[in-house]
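What follows is one structure encoded as structure tokens, with my remarks underneath.
The values are calculated or read from the model by the stated rules, or taken from the named source; none is laboratory data. Keep in mind that this is a model prediction, so the values were computed, not measured. Cβ placement follows ideal geometry from the backbone for every residue including glycine, while neighbour counts extend to all protein chains displayed. Side chains included, ligands, DNA and RNA excluded: accessible areas come from the protein's heavy atoms. Shrake-Rupley method; radii C 1.70, N 1.55, O 1.52, S 1.80 Å.
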Amino acid sequence: MRLNYLSLPILIGYKIDHKTNIILGVDFDFLAKATNYFNNENFDATSSFPHRFDAGLDVGVSYKFTKNWGAEIRYNYGFKDFYQTDASGNRKSEFTAANRVFQIGAYFTFHK
């Protein structure tokens, strides 16, 4: 199963030195699409997830390599458990999961 989210992180940074920041904040997520892979076929499973919104806590570190280029690594701890339902709205199984994600990124700043 592949879950695609649209995320809105709201982060603050604490400057350790002129290149390194500790990052902390919240992340609001919307499940845009869920795809189930079975027997080499793709099935859209988005409608089987009754709760499509999630919120989580982000913590990480960023490092500036040059004046404009940098990288960051974050861990997102999603608070909400999610599960699938059938067409009648009944829970498919006792299986629940939650979003726990490591994120790695590069960034470019446009200011002087």
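Candidate values [x] 15.6, 51; [y] 14.5, 43; [z] 17.8, 57 were compared with Rg and Dmax of the Cα atoms in Å computed on the shown model; the agreeing label is [z].
When +1 charges are put on Lys and Arg Cβ atoms and -1 charges on Asp and Glu Cβ atoms, the dipole computed for the chain relative to its Cα centre reaches about 520 debye.
Projecting the Cα atoms of Trp69, Ala55, Asn99 onto the dipole axis of the chain, where Lys and Arg carry +1 and Asp and Glu carry -1 at the beta carbon, places Trp69 farthest toward the positive end.
On a per residue basis, the chain carries 72 Å² of accessible surface, using protein heavy atoms and a 1.4 Å probe. Could you tell me what percent of the accessible area of the chain is made up of carbon and sulfur, with a 1.4 Å probe and every protein chain present? Here carbon and sulfur together make up 60 percent of the probe-accessible area. Among Arg100, Arg2, Arg74, the sequence by solvent-accessible area, most first, with a 1.4 Å probe is Arg2, Arg100, Arg74.
Packing here is the average count of other Cβ atoms within 10 Å per residue, and on that basis the peptides 39-48, 64-73, 20-29, highest first, run 20-29, 64-73, 39-48.
Taking every lysine pair in the chain that is 8 or more places apart or spans two chains, those with Cα atoms closer than 21 Å amount to 11.
In the stretch 16-58, one over the average inverse separation of all distinct C-alpha pairs is 13.5 Å, which is the Kirkwood hydrodynamic radius.
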